[in-house]
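The next block holds one structure in the form of structure tokens; read it before the comments.
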Amino acid sequence: MLTNFYSSWNDQKGVSYTTDYVLDETFTLFFRRVPFTEAKDSLEVIDLAIKEGYLRLERITAERFEKAKELRMKFKDKPRISFTDLTTMVVMAEIGITDIITEDDHFSQVGMGFQKIPT
């Protein structure tokens, strides 16, 4: 199902966004779970997608970091939300993105208008 979504997204010339914090977690996971050569190749594919504009990289600035800390305090009843996810929420709100590809239900539970796709 997710493969079909990505194919459809590519056909529509959709642009995806990520952050340096998300890539930090992604690269860590790659190098822990797959052989080095595969992890390196995956990193290079992501770098190429950023270079060619298929994937837009948003950096977590000092201002975004502070806003994420504010969200951490706001969502005190949701201790399982990672700080990386909070920084992602800050960027999404700032840019006006509502759709997110994730397995984390809390994006749709924080009342910020985010929705998981595909549903």
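One residue is enough: does the stretch 45-56 have a residue meeting the conditions in contact (Cβ under 8 Å) with a residue 12 or more places away in the chain, assigned to a helix (DSSP H, G or I) and either aromatic (Phe, Trp, Tyr) or over 23 Å from Pro118 (Cβ atoms) (or both)? No, the conditions are met nowhere in the stretch 45-56. Here Leu29 fits the description: surrounded by fewer than 13 Cβ atoms within 10 Å (Cβ to Cβ), farther than 23 Å from Phe114 by Cα, at pLDDT 95 or above and among the aliphatic types (A, V, I, L, M). Screening Arg72, Arg64, Arg59 for residues that are at pLDDT 95 or above, in contact with a Leu (Cβ under 7 Å, 6 or more places away or on another chain) and of a type in the set (Lys, Arg) leaves exactly one candidate, Arg72. Of the residues making up the stretch 87-102, those that are over 18 Å from Ile117 (Cα atoms) and buried (at least 19 other Cβ atoms within 10 Å of the Cβ) number 2.
The values are calculated or read from the model by the stated rules, or taken from the named source; none is laboratory data. Since this is a predicted model, take the numbers as computed values, not measurements. Counting neighbours? That spans all protein chains shown, and the Cβs are built from the backbone with ideal geometry, glycine included.
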